[in-house]
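First comes the structure, then the notes that go with it.
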Amino acid sequence: MRAMIVGCGRVGAGIAERLARAGHDVTVIDLQTEAFSRLEADFSGTAIRGDGTDEDVLRRAGAEGVDLFYALTEGDNRNILAAQLAAETLHIASVVAKINDPVRAEAYTALGIATICRTRMLVDALAVHAGLPAQPDSQGVSDATGHDHGTAHEGATMTATKA
Amino acid sequence: MYVIVVGGGKVGYYLTKELLAAGHEIVLLEKDPRRARQIADEVGSIVLARDGCEGKHLAEAGANRAAIVAAVTGDDEDNLVVCQMAKHHFDVPRTIARVNNPKNEELFRHLGVDDIISPTRMILAAIEQEIPVHELLHLARLEGGELEVLEAQIGEGSPAIGRQPADITLPDGCTLFVLIRDELAQPILPETVFKIGDKVIAITRTECAVDLHRELIGATPVLRVSG
């Protein structure tokens with residue numbers, strides 16, 4: 001499997017290493033070369049310095065035809081742009097955007113993007129720890145729930161779309 | 001008209017002032033409180049120190065009754081999110097995004113942004129018009145970007161030299177519109193014979209630009225400088 005990861009922070013580096021160790025072909029993109037120091041010394045994937053929200057950079061890095069695309073930078077909006085580029089322009093089937101603002105995460109889930117929201121996950125974990133009931137949909141990657149207005153994404157190239 | 005401007009940089013600042021002077025009702029959202037205060041000192045309380053990317057702040061600014069939301073920050077990703085939130089959560093009839101990377105124009109349009117302003121492309125167009133290269137010049141886009149108005153200069157090596165419009169094979173959706181010869185615009189008639197130095201203005205579907213290049217300029221189509 002080929003995977004592309006935009007943003008080599010703790011999360012990006014972590015999943016990149018896990019995928020590479022499992023034998024997958026991984027490319028990580030980050031604006032800062034220093035970010036790659038988070039990767040272990042024997043990381044078998046490719047690290048590319050560049051702007052992962054730039055179509056040209058993504059194409060040069062070989063984004064076309066990858067099986068997985070994870071947008072995991074520190075900026076919600078950068079992840080939103082990168083994810084939509086990946087899905088709509090590069091037609092990558094499996095795309096996930098990290099969106100830490102829960103409101104925005106919900107909005108983009110409704111717009112057809114699979115999202116993962118750290119805030120929601122942490123709040124839920126703590127709520128469970130405190131003895132409150134778990135929220136059924138608040139863990140892990142939320143599937144895209146579909147199109148709320150039907151104006152955008154008419155190409156229906158987004159996957160993971162439930163009715 | 002009620003307009004929400006997001007981004008209080010140079011563009012947002014002057015845009016707000018001009019719109020105010022024209023008598024429109026404006027709210028400016030600028031997330032940096034210092035910058036917001038600075039602008040508010042000059043234009044009054046229409047400045048909110050809020051991040052326009054967040055739905056609740058757009059709601060606070062009255063996005064549900066805005067005729068236009070203009071996202072003019074320096075970051076393409078922020079402008080996209082503002083326009084998508086405005087469109088999908090507040091049904092704003094018209095959203096305008098400033099786009100710095102010309103490659104983003106098509107994606108933004110596809111994602112439902114109504115108007116896209118690209119300073120990069122505008123300056124590029126101005127430069128292209130100054131340099132007589134053997135290239136198609138992109139003059140304007142119509143119909144939400146599906147049609148383009150192009151100018152082709154017939155130079156040496158053009159296969160069109162000595163030919164009439166009927167001899168030139170063009171795909172459907174591509175029309176030769178007007179001829180500029182000796183600095184005079186004239187209609188392209190069936191009996192027109194193209195010669196060196198002619199400029200032909202054509203309207204074409206974006207994907208037919210390559211055919212137009214081959215027929216009027218010749219040689220291998222050079223890839224467009226801009227997206």
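Every read-out reported here was derived from the displayed coordinates using simple, explicitly stated rules and does not represent laboratory data. Keep in mind that what you see is a predicted model, and the values were worked out from it rather than measured. Glycine gets a Cβ as well: all are built from the backbone with ideal geometry, and neighbour counts include every protein chain shown.
Loop-located chymotrypsin sites (Phe, Trp or Tyr not before Pro) in segment B:1-81 (DSSP state other than H, G, I, E, B) with a sparse environment of at most 15 neighbouring Cβ atoms within 10 Å are absent. Here the sum of -39500 (n - 2.57) over DSSP H runs of 4 or more residues, divided by the residues of the protein assembly as shown, equals -9000 deg cm²/dmol at 222 nm, to the nearest 500.
Neighbouring Cβ atoms from other chains, within 10 Å of the Cβ of residues in A:77-90, number 4 on average. Each label was represented as a point 7 Å from its Cα along the Cα-to-Cβ direction; for B:R181 and A:A130 these points are 8.2 nm apart. If you fit an axis through the alpha-carbon atoms of helix B:33-43 and take the longest principal axis of the Cα set of chain B, what angle between them do you get, 0 to 90°, nearest 10? For helix B:33-43, the angle is close to 80 degrees. With the convex hull constructed from alpha-carbon coordinates only, the protein assembly as shown shows a mean projected area of 24.7 nm² over all directions.
Relative contact order for chain B: 14 percent, from Cα pairs under 8 Å spaced at least 6 residues apart, divided by residue count. Within the same chain, lysines fewer than 8 places from B:K31 are excluded, and of the rest, those with a Cα less than 19 Å from its Cα are B:K10, B:K17, B:K56. On full extension, the segment bounded by B:E42 and B:K10 gains 10.1 nm, given 0.36 nm per residue less the C-alpha separation. All other residues whose Cβ lies under 14 angstrom from that of B:E183 are scored, Lys and Arg at +1 and Asp and Glu at -1, for a net of -1. If R0 is 22 Å, what FRET efficiency do you get for B:T120 and B:D32 from their C-beta distance, rounded to 0.05? That pair, B:T120 with B:D32, gives E of 0.40. Loop sites by DSSP among the GluC sites (Glu not before Pro) of chain A, restricted to those with at most 16 other Cβ atoms within 10 angstrom, leave A:75-153 as the longest stretch without any of them. Among A:D124, A:D76, A:D51, the largest mean-square fluctuation in a Gaussian network model of chain A, built with springs joining Cα atoms closer than 10 Å, belongs to A:D124.
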